[in-house]
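Enquirer: Pasting in a structure now, in structure tokens, and then I'll have a few things to ask.
The values are calculated or read from the model by the stated rules, or taken from the named source; none is laboratory data. Values in this document were obtained by computation on a predicted structure and should not be read as measured data. Note that we place each Cβ from the backbone using ideal geometry, even for glycine, and neighbour counts take in every protein chain shown. Ligands, DNA and RNA are excluded from the accessible area calculation, which covers all protein heavy atoms including side chains. Shrake-Rupley method; radii C 1.70, N 1.55, O 1.52, S 1.80 Å.
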Amino acid sequence: MIYTSGIITDSSVEQSLKQLQDNKLQVVCEKLDLKEGDCLLDIGCGWGTLVMYAAKNYSCNATGCTLSVNQAAFGMERIKTNGVSADKARIICSDYRDLPAGKGAYNKIVSLEMAEVRVP
């Protein structure tokens, strides 16, 4: 489950929505130049799809933050059922401004199609 568009990598081959979304996640991870040992922060991670995908496929340490308790719980369950250990990927229910991390805690930061609404 992801709130993002997919990417068609080969217009001569029919691809499922899941494949199109995985293509998008792969492109994002490649643009981030993710490598084993990188510490990724996904701000507004939603259901945690990018966090799980990055940890599983790029062996990075991935953290996502969302304001939704339900999304965080769903994301953590998905991480577990996909065989990714909790020490490699996690979803935190928190505002990104309140994350418990010091300077340099993350060397890759992404926000995949999240919009922030500011209320005066």
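Enquirer: Going highest first, how would you order 14-27, 91-104, 42-55 by mean Cβ packing within 10 Å?
Expert: Packing order, densest peptide first, comes out as 42-55, 14-27, 91-104.
Enquirer: Right, next: Given R₀ = 25 Å, FRET efficiency for SER111-VAL13 by Cβ-Cβ distance, to 0.05?
Expert: So the FRET efficiency works out to roughly 0.25.
Enquirer: On C-alpha positions alone, give me the angle between the axis of helix 49-58 and the longest principal axis of the chain, in degrees, nearest 10.
Expert: In the chain, helix 49-58 runs at an angle near 70 degrees to the longest axis.
Enquirer: Further, regarding this structure: What is the angle, in °, between the Cα long axis of helix 17-31 and the longest principal axis of the Cα atoms in the chain? Nearest 10 is fine, range 0 to 90.
Expert: 60 degrees
Enquirer: Write down the accessible area per residue of the range 1-119 in Å², having rolled a 1.4 Å probe over the full set of protein chains.
Expert: Per-residue value: 59 Å².
Enquirer: Oh, and also: Extending each Cα 7 Å along its Cβ direction at ASP95 and SER68, get the distance between those two points in nm, one decimal.
Expert: Calculated label separation equals 2.0 nm.
Enquirer: Sequence neighbours fewer than 8 away in the same chain don't count; with that in mind, list the lysines whose C-alpha is under 22 Å from LYS18.
Expert: LYS31, LYS56, LYS80
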